[in-house]
1. Within segment 266-274, is even one residue without any contact (Cβ under 8 Å) to a residue 60 or more places away in the chain and either under 19 Å from H175 (Cβ atoms) or touching a Pro at 6+ places or on another chain (Cβ under 6 Å) (or both)?
2. May I ask you to list the residues in segment 428-474 that are in contact with a strand residue (DSSP E or B) (Cβ under 8 Å, 6 or more places away or on another chain) and either on the phi > 0 side of the Ramachandran plot or free of Cβ contacts under 8 Å to residues at least 60 places away in the same chain (or both)?
3. Across segment 304-321, which residue is farthest from D255 (Cα to Cα) among those that are loosely packed, with under 15 Cβ neighbours inside 10 Å and touching a residue at least 12 places away in the same chain (Cβ under 8 Å)?
4. Being buried (at least 17 other Cβ atoms within 10 Å of the Cβ), out of contact with any helix residue (DSSP H, G or I) (no Cβ under 6 Å at 6 or more places or on another chain) and closer than 28 Å to Q39 by Cα is the filter here, so list the residues in segment 170-202 that pass it.
5. Select, from L436, L442, L459, the only residue that is part of a helix (DSSP H, G or I) and at pLDDT below 90.
6. Would segment 63-73 turn up any residue that is at pLDDT below 80, over 18 Å from D153 (Cα atoms) and touching a strand residue (DSSP E or B) at 6+ places or on another chain (Cβ under 9 Å)?
Amino acid sequence: MRVWEILGIDPTHEVSAIKKAYAAKLKIHHPEDDPDGYQRLREAYDQAIKLAKRQQKQTSRATEEPEAFAGLEIEQEDGTETEDITPDEEAGLYDEDDGPRRIPRMVVWQERDKERDDPGSQAEHFIGQVERLYRDFPSRIETTKWAALLNSDVVWNIHLQNGISGLLLDFLEKHYFLPKEVWKLLDSAFHWSGLVAEDKESFSEQYPKVYAYAFAQSYEAANMGYSLLLGAGEIDHEAYLRYREEAWLALMNHDLPAAQHSLEKARDFFEADPDVIRMVAECGWRLGEPERVLAMSDRLIQLCPDQADGYWYRSRIWMQDGRLAEAVQDLQRILSQLPDHMLALSLAGTCYKKLGNLEKAKEMFQRILVLDANDIDAVLALAEINALMIKDLRARRVKGSRSVRKRLYRELGKAPLLKRLKQAAYFFVSNKWFSLICIVALHLWIASSFVKHTGETPLAYWSEAVRPFKIMNVSSASKWELLAPEEAVRVKLADASYMAIQEVKVKDGSGKETTMYLSLDEAKKQGLQSNITGHLCMGYLDGKAIFVVGNYKQTKEIYDFQRIELEGTLRSMPEELKTEIENWKNRSSKSALSKPLPISDKYIDATAKPSKKALPSLPLRIYFYLFILALFYVSALRELRRVSKLVGYN
């Protein structure tokens, strides 16, 4: 038969052997990579299982039927006795593809199993088994029971697996307190890691708890223990585990009151859980409660003497209390188990330094630099230790030549300033290279946005924004010549006169405003008296003719007194105004401007009080870029302050 060839084994009636062969071939013919091969393998597996179970039933009947039917004669429809069927004839009744060719001599009643063979019923029956297994806490954390359940036929059925997988995910999203080993068994049976690899975001959104406990590496609550809870007695395990998870989440969010509340609730159920005791110690450390931390660390060491956490919490408390020898003893226990524990190395180095054992302190920090050559705190600690060692040598008046001193300085880490600068720059760039790149990129981006929206660089824009407003006093013609348009000026004019030229502003049909300069008669003729916004006057400054467009009050003062002191904004003289002045000169033969005097290319707009130039508004996104830039600068400056200690070391 091709069934056994596909499975790669000899014909057998052992169901376990068939399943092992199927599992081995499934690694080669994965449903996603080789669907056709997988379909052939699945059909061969189903057929082999049917043959094996059929043979087992026949074997069972062969041993049971002689007793159950002893003395009975089975007759055919014509009244004659049936003949015994040989094993070869019995096997011939079945076809590997089509099943039974005719009904054998013993009728097997299958109607009782019809409801159980329904796909929906099988899936519901399996989920019911999962629920019962989960409710029994000792069974829940027993991997062998999960393995037995996942080895059932319904899980291996390709037509049912997807539906069961969905139902099981829905169940586990609400009932997820399982050991990591059980999650691995579930994943190996239903291949959820493949779904995560295809679309992690969608999977984590639909099943956040399943993702956190089965796949998220940073979700430490998923790695907490379960076996010690067997000694908790008859408690509500689900409620306890929920309080434990809530406490961990609160600690991650630095919500210490919520963490304390959840830890107290959890300890009301069970007080001997190392994971809860560890969180109580962490909470006490953050709240500055040394007695509480010490009590919890002692309890943790009592329960788990081979774990480092209890010794770590206790060593920190002992160091704070000045019990340095005890702290070093605990730290050595940690380092005997975890030689690369950098925090323990750093704390041990600090304790040794305070105890005066500079050689051991130096050894601790040198081990840190072996693990991370860029750890600037270790570099600074070594520099301080080297300085203490040099001081000790000098105190003992160690004599030697200059070359010997230099060699000692090199051995003890005495570095010249240039070398320290290079080392500090290396540490700074290596630790903050990403921040530096972002700072440069944001500067370029912000500068281009400023130019696009304001027409000015950021420096020019902010310089103008912070520059105080100032009005320039103009007392001579030479100063007048040096002034630029848009400057605010204050000036005294003599021999001033009203020129009967009006500034008129009108709007066209599209709403666009146009400024015109008309004689008073022309403005009346066109009916534009209501559109007059200013009156043109002329005065002299140090013998130079200055033109002013003023309001009615200013013009009245000029008309009455022929002199005025006013403030205004310097404007460029438009061609229309120059033309109108020339016309005025031709009309007024008695005017002083009838003489060939040059007309200035500037005039003073005194219709409104001079004020600071309004800057273009910035779009909101530029402020967002500036905020992000400030955050990167804070990060870079903090690192710069740290590495500056290395430069300042002498």
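1. Here is the first cut: in segment 266-274, the ones without any contact (Cβ under 8 Å) to a residue 60 or more places away in the chain are 266-274.
After this cut, where a residue has to be either under 19 Å from H175 (Cβ atoms) or touching a Pro at 6+ places or on another chain (Cβ under 6 Å) (or both) as well, the list is 266, 269.
There is at least one residue in segment 266-274 that is without any contact (Cβ under 8 Å) to a residue 60 or more places away in the chain and either under 19 Å from H175 (Cβ atoms) or touching a Pro at 6+ places or on another chain (Cβ under 6 Å) (or both).
2. Step one: filter segment 428-474 for residues in contact with a strand residue (DSSP E or B) (Cβ under 8 Å, 6 or more places away or on another chain), giving 469-474.
K470, M472, N473, listed by residue number.
3. Taking segment 304-321 first, the residues loosely packed, with under 15 Cβ neighbours inside 10 Å are 305-306, 320-321.
This time we only want the ones that are touching a residue at least 12 places away in the same chain (Cβ under 8 Å), so: 306, 320-321.
On the way: D306: 30, Q320: 25, D321: 27 Å.
Among residues in segment 304-321 that are loosely packed, with under 15 Cβ neighbours inside 10 Å and touching a residue at least 12 places away in the same chain (Cβ under 8 Å), the one farthest from D255 (Cα to Cα) is D306.
4. L186, W192
5. Values: L436 fails: at pLDDT below 90; L442 fails: at pLDDT below 90.
Among L436, L442, L459, only L459 is part of a helix (DSSP H, G or I) and at pLDDT below 90.
6. From segment 63-73, those at pLDDT below 80 are 63-73; that's our starting set.
Now restrict to residues that are over 18 Å from D153 (Cα atoms): 63-73.
Now restrict to residues that are touching a strand residue (DSSP E or B) at 6+ places or on another chain (Cβ under 9 Å): 73.
Yes, segment 63-73 has at least one match.
Okay, residues lined up against (1) among the aliphatic types (A, V, I, L, M); (2) within 26 Å of A147 (Cβ to Cβ); (3) at pLDDT below 80; (4) in the same structural domain as N157 (by TED's automatic domain parsing):
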{"residue": "E14", "(1), (2), (3), (4)": "no, yes, no, no"}
{"residue": "Y22", "(1), (2), (3), (4)": "no, yes, no, no"}
{"residue": "L26", "(1), (2), (3), (4)": "yes, yes, yes, no"}
{"residue": "R42", "(1), (2), (3), (4)": "no, yes, no, no"}
{"residue": "I49", "(1), (2), (3), (4)": "yes, yes, no, no"}
{"residue": "A52", "(1), (2), (3), (4)": "yes, yes, no, no"}
{"residue": "S60", "(1), (2), (3), (4)": "no, no, yes, no"}
{"residue": "E75", "(1), (2), (3), (4)": "no, no, yes, no"}
{"residue": "E90", "(1), (2), (3), (4)": "no, no, yes, no"}
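Each row is one residue, and each column tells you yes or no for (1) outside any helix (DSSP H, G or I); (2) surrounded by fewer than 16 Cβ atoms within 10 Å (Cβ to Cβ).
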{"residue": "P339", "(1), (2)": "yes, yes"}
{"residue": "L347", "(1), (2)": "no, no"}
{"residue": "K354", "(1), (2)": "no, yes"}
{"residue": "A378", "(1), (2)": "no, no"}
{"residue": "L382", "(1), (2)": "no, no"}
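The values are calculated or read from the model by the stated rules, or taken from the named source; none is laboratory data. Predicted model only: the values in this text are computed from it and were never measured. Positions of Cβ are generated from backbone atoms using ideal geometry, with glycine treated the same way; all protein chains shown enter the neighbour counts.
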